[in-house]
1. Out of segment 1-56, which residues are in a loop (DSSP other than H, G, I, E, B) and more than 19 Å from ILE222 (Cβ to Cβ)?
2. Show the residue pairs meeting these rules: Cβ distance below 7 Å; 6+ apart or different chains; first residue within segment 157-169 and of a type in the set (Val, Ile, Thr); second residue part of a helix (DSSP H, G or I).
3. Only one of (1) among the aromatic types (Phe, Trp, Tyr); (2) within 27 Å of LEU257 (Cα to Cα); (3) at pLDDT below 95 is not met by TRP60, so which one is it?
4. Against the conditions (1) of a type in the set (Ser, Thr, Tyr); (2) out of contact with any Asp or Glu (no Cβ under 9 Å at 6 or more places or on another chain); (3) more than 22 Å from LEU230 (Cα to Cα), where does SER130 fall short? Just the number, please.
5. Residues of segment 87-108 being surrounded by 17 or more Cβ atoms within 10 Å (Cβ to Cβ), more than 26 Å from HIS161 (Cα to Cα) and not basic (Lys, Arg), which ones?
6. When both residues are 6+ apart or on different chains and their Cβ atoms are under 8 Å apart, which pairs have a first residue that lies in segment 129-146 and is buried (at least 19 other Cβ atoms within 10 Å of the Cβ), and a second that is of a type outside the set (Lys, Arg) and outside any helix (DSSP H, G or I)?
7. I want to confirm something. Restricting to segment 135-155 and keeping residues that are aliphatic (A, V, I, L, M) and part of a helix (DSSP H, G or I), which single residue is nearest to ASN189 (Cα to Cα)?
8. Could you pull out the residue among ALA288, ALA226, ALA258, ALA251 that is within 23 Å of PHE29 (Cβ to Cβ) and surrounded by fewer than 22 Cβ atoms within 10 Å (Cβ to Cβ)?
Amino acid sequence: MIDILVHIVIALGLPPLLLGVIGKTKAAFAGRVGAPFLQPYYDLARLFRKGVVISETTSWIFRAGPAVTLAATLCAGLLIPLGRHTAPISFDGDLVLFAYLFALGRFFTTIAALDTGSSFEGMGAAREVSFACLAEPTLFFALITLTRLSGTLSLTPMLNHLDLSVWLGTGAALILMLAGLFVVLLAENSRIPFDDPNTHLELTMIHEVMVLDHSGPYFGCILYGAALKLFLLGALFVNVALPFTTGSSLADWLVFLAGMLALSVAVGVVESVMARLRLIRVPQLLVAALILTAFSLVLVVR
């Protein structure tokens, strides 16, 4: 029961901090002090205190989009274990629900953008779903690889099955899978080199262009949902990358938190040393990630 409460507290409270760590890392590379680690929390508090401006051309879909997206992501957070602990909800086949809760959120974000009637936001929505067609198979190949290794379709026993002995036997496949997952993590969260969440009104934007009409609490829900999505995909990555248990519940939580912070630093490093790709290069990188995870499955099955 305590582990479940800790799971919920961490899943709800930690995601904005990851954005703060990424921002600090990028500032350090640029030789700046940067915003404080808690700046994302301040931004969310400011947005939730603001009013909302809604276009007269929109319908209930525009207002429901941020709420449904956030709710779907929160539900996904109950399915994935954090560290070596059990997820609050676990059943056979929950990995499919985990993946498609993200798809549900993307669907409502997309139709909310289309509901504005803006061709600019429609352009971003088209790009979002096009690239998702390449990112989702990569995620599923990774999950199928883990299913093959663990013999289960549930995320908790699947990820808890991984240990040093599994890594020693199938390390090459897991490294390929982690490389593909890291690319998906960057793509799904609109990070460089796929997109830049700090830019506005650029013709190469993907995700940010879809939420230009949102403001106040609606925009706050979108930002928090994006941070939560980064946290959950990062948790999947860390669970695979740190396949050991200390025997102590507290120590396992600390190891998981350290892994998440290290992953945030890694994302910040990538964003600092790489430029955003040309739009026509984005599908090529996603296909490369798909091939990596497909090869990882081949290595496990053979």
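The values are calculated or read from the model by the stated rules, or taken from the named source; none is laboratory data. As the structure is a prediction and not an experimental result, all values here were calculated from the model. Neighbour counts run over all protein chains shown; Cβ positions are idealised from the backbone, glycine included.
1. So in segment 1-56, the residues in a loop (DSSP other than H, G, I, E, B) come out as 1, 14, 30-38, 50-56.
Correct list: MET1, ALA30, GLY31, ARG32, VAL33, GLY34, ALA35, PRO36, PHE37, LEU38, GLU56.
2. So the pair list comes out as VAL166/LEU149.
3. (2)
4. Just one mismatch for SER130, condition (3).
5. The answer is LEU104, GLY105, PHE107, PHE108.
6. Cβ pairs passing all conditions: PHE131/PHE194; PHE131/ILE206; LEU146/LEU162.
7. Filtering segment 135-155 for residues aliphatic (A, V, I, L, M) gives 135, 139, 142-144, 146, 149, 153, 155.
Among the residues that remain, those that are also part of a helix (DSSP H, G or I) are: 135, 139, 142-144, 146, 149, 155.
Values: ALA135: 11, LEU139: 14, ALA142: 18, LEU143: 19, ILE144: 22, LEU146: 22, LEU149: 27, LEU155: 21 Å.
Per the stated criteria, the residue is ALA135.
8. Values: ALA288 fails: within 23 Å of PHE29 (Cβ to Cβ); ALA226 fails: surrounded by fewer than 22 Cβ atoms within 10 Å (Cβ to Cβ); ALA251 fails: within 23 Å of PHE29 (Cβ to Cβ).
None of the others qualify; the one that does is ALA258.
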